[in-house]
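Novice: Here it is, the structure in full.
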Amino acid sequence: MEKLNQRIILALDFPAEDELTRCLSALQGELAYVKVGMELFYAAGPRIVQTLKEQGLKVFVDLKVHDIPNTARGAMNSLARLGADMVNVHVAGGRAMMEAAREGLEAGTPAGSARPLLLGVTMLTSTSRQTMNEQLLIPGAVEEVVVQYALQAQAAGLDGVVASPLEVPRIKQAAGSAFLAVTPGIRPQGAARGDQSRVTTPADAFRLGSDFIVVGRAVTAAADPRAAWQAMLDSLAQEEFVKRSGGIR
Ligand code: C5P
């Protein structure tokens, strides 16, 4: 069993590299996995992924690709050559696009390296049922659509999905426990929710079956990010399921 800190991904949502550097030095020696999203990737450029890899970190490059199959294939080829460990595409791009994305990743993975994990973005956690029904013209409940999208992603050969922790039990029930669930929307007890609505604590997310949790502002926007990180690990260390498995680090 992997240590729990390998399954906590810190979202590095910064507009520029100097703020990133401040955060990383505050958390020196603590992190195993980080996420580079559009904000930092577009500001700092692809080489930020290599910089983070050189620091021994695993990197989830969260660009949520959604384009024609040929372009998605090329994008994934480039991200695999860059050394990303985890990448994602929108399930709404369709089966052919997801399959092309996977082919691109396989083609771009350097010899001797593992293919990056490929996740499908189901329904963004900011999309309400009303928006989905009335604007995207998709009928039904969000959770139903998320489960169907997870099955589409699995059929296309993806490794898992990004979803709310609250949706994980149904996804695992439908797609099996080996199909990965990576969950943002994490708020330690007492932390501000910000724009996230369906949130859980880190312990609840793992208990619901998340394979990886994505934590951002609860740590990065804290007055003392190292103390916030440590408090989160300390709270997890109390949990029975952590004591029973491989521990935190
Ligand atoms: O700061 P916070 O913990 O809310 O950060 C969550 C991270 O997860 C952000 O980088 C956000 O882009 C990402 N994310 C999300 N909801 C999704 C997909 C990704 O919050 N459905």
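Novice: What does the accessible area per residue of region 4-245 come to in Å², with a 1.4 Å probe and no ligands, DNA or RNA counted? If you can, show how the numbers build up before the last one.
Specialist: Numbers: 10760 Å² over 242 residues.
I get 44 Å² per residue for region 4-245.
Novice: Where in the chain are the DSSP H helices whose C-alpha atoms run 15 Å or more along the long axis and whose mean Kyte hydropathy is at least -0.5?
Specialist: Once both thresholds are applied, what remains is 69-82, 95-108, 142-155, 225-237.
Novice: Heavy-atom accessible area of residue 47 with all protein chains present, probe 1.4 Å, nearest 10 Å²?
Specialist: Counting only protein heavy atoms, the figure is 120 Å².
Novice: If you don't mind, another one. Excluding residues fewer than 8 places away in the same chain, name every one of the lysines whose C-alpha is closer than 25 Å to that of residue 64.
Specialist: Within the straight-line cut-off, residue 64 pairs with 35, 53, 172.
Novice: Right, something else. Provide the solvent-accessible area of residue 68, counting protein heavy atoms only and rolling a 1.4 Å probe, rounded to the nearest 10 Å².
Specialist: 100 Å²
Novice: Let me ask another. What do you get for Rg/Rh over region 4-245 if you use C-alpha atoms and the Kirkwood form of Rh?
Specialist: Details: Rg = 17.4 Å, Rh = 18.3 Å.
Dividing the radius of gyration by the Kirkwood radius yields 0.95.
Novice: How many Å³ per residue does the convex hull of the Cα positions in region 66-173 occupy? Write down the numbers at each step before the final one.
Specialist: Details: hull volume 10.8 nm³, N = 108.
Normalising the Cα hull of region 66-173 by residue number yields 100 Å³.
Novice: In whole percent, and with a 1.4 Å probe on the protein chains, what portion of the accessible area of the chain is carbon and sulfur? Mind showing how you got there, number by number?
Specialist: Details: 5670 of 11300 Å².
Carbon and sulfur atoms account for 50 percent of the accessible area of the chain.
The values are calculated or read from the model by the stated rules, or taken from the named source; none is laboratory data. Quantities reported herein were computed from a predicted structural model and do not represent experimental measurements. Only protein heavy atoms, including side chains, enter the accessible area calculation; ligands, DNA and RNA are left aside. Shrake-Rupley method; radii C 1.70, N 1.55, O 1.52, S 1.80 Å.
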